[in-house]
1. Can you run phi through the Karplus equation (6.51, -1.76, 1.60; θ = phi - 60°) for the stretch 215-222 and list ³J(HN,Hα) in whole Hz, with x for Gly and Pro?
2. In square angstrom, rounded to the nearest 10, how much accessible surface does PHE26 have for a 1.4 Å probe?
3. According to a simple spin-label model (label point 7 Å from Cα along Cα-to-Cβ), what is the distance in nm between LEU47 and LEU208?
4. Could you point to the label whose value was computed as Cα extents along the principal axes in Å for the structure here, given (1) 53, 35, 32; (2) 46, 45, 26; (3) 55, 44, 37?
5. When a/c reaches 1.5 or more, the comparison of a/b and b/c decides; with that in mind, is the stretch 1-95 rounded, prolate or oblate per its Cα gyration tensor?
6. Which FRET efficiency value, to the nearest 0.05, is calculated for ILE29 and GLN201 with the Förster distance at 45 angstrom and r the Cβ-Cβ distance?
7. Using a 1.4 Å probe and ignoring any ligands, DNA or RNA, find the accessible area of VAL237 and quote it in Å² to the nearest 10.
Amino acid sequence: MFEHIAISDLVLSALVVPGVLQLAWFSVIFLRRGIPPERIQYAIPPLLTIWVLMWPVYVDPRWLWVGLATLILPAVLSCLLTSPFWQQLRTAWSTQTSDPELRMYPALSLPPLTHFLTALFIAGIWFQHIPEFGFGLALCLCLVFRSADLIDQLAMDKFSFLKLGFPAHPEQTLASHLVLIVMCTILLCWSLHVFHGTDWQTLLIATLITAMTASATRALVPGQWNAPAAMLSMGFVMWLL
């Protein structure tokens with residue numbers, strides 16, 4: 001399968017594997033120090049952006065699955081092993097059932113980080129076939145979606161008039177959707193520019209439509225499945241445009 005192995009692919013894999021293991025270790029340590037699981041989970045996507053920024057360096061994009069498998073493995077082991085470390089990792093990486101978005105989706109029925117890892121897996125598939133799409137989608141997933149959720153939390157109390165009242169996500173606000181559209185547009189433009197050197201002005205219309213698709217998907221798809229659904233819908237819209 002890998003007849004010609006590039007040194008850069010080996011180096012990236014050698015960096016990703018211990019990095020993910022350290023991420024799992026620090027998640028447990030932070031949980032033991034009293035950090036709420038929600039905050040730990042908010043920190044994971046931005047940290048993984050460091051790895052996503054390395055995606056264009058891969059010579060053979062199939063090596064990307066080494067990193068994805070390394071991410072999935074601790075989540076699966078936390079469901080299978082009963083030692084204190086793995087059970088604490090499951091707690092740190094699991095969405096709590098008190099989350100209003102998950103009333104219909106019991107957190108304990110799914111492995112930890114299921115929604116995020118599914119979305120990252122979809123972005124990885126796009127990267128295998130159309131690298132400039134997958135790279136931009138992964139950046140949006142790691143940097144934008146959690147930022148939008150955080151803006152919703154900050155705006156809920158002080159700026160309740162900004163709530164949009166979507167049935168699937170009544171807590172989402174106008175501010176979060178505007179930030180999501182602007183940031184997704186910028187990141188998608190930059191991704192296309194990185195791979196093709198295309199002038200930004202020629203990309204704005206297509207990427208803006210894609211970003212608006214992400215916003216609509218985030219509003220309409222229930223629970224945290226909106227992130228995987230957004231990776232699918234954004235990829236198809238970019239492909240069509």
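1. Whole-Hz 3J(HN,Hα) from phi for the stretch 215-222: 4, 5, 5, 4, 7, 9, 7, x.
2. Estimated to the nearest 10 Å², PHE26 gives 100 Å².
3. So the two model labels end up 3.8 nm from each other.
4. (2)
5. Values: a/c = 2.97, a/b = 1.97, b/c = 1.51.
Prolate, since a/c reaches 1.5 and a/b exceeds b/c.
6. Numbers: r = 47 Å, r/R0 = 1.03.
Efficiency, rounded to the nearest 0.05: 0.45.
7. Its accessible surface works out to 30 Å², give or take rounding.
The values are calculated or read from the model by the stated rules, or taken from the named source; none is laboratory data. What you see is a predicted model, and the numbers here were worked out from it, not measured in a lab. We place every Cβ from the backbone using ideal geometry, glycine too, and count neighbours over all the protein chains shown. To get the accessible areas, we keep the full protein, side chains included, count just its heavy atoms, and leave off ligands, DNA and RNA. Shrake-Rupley method; radii C 1.70, N 1.55, O 1.52, S 1.80 Å.
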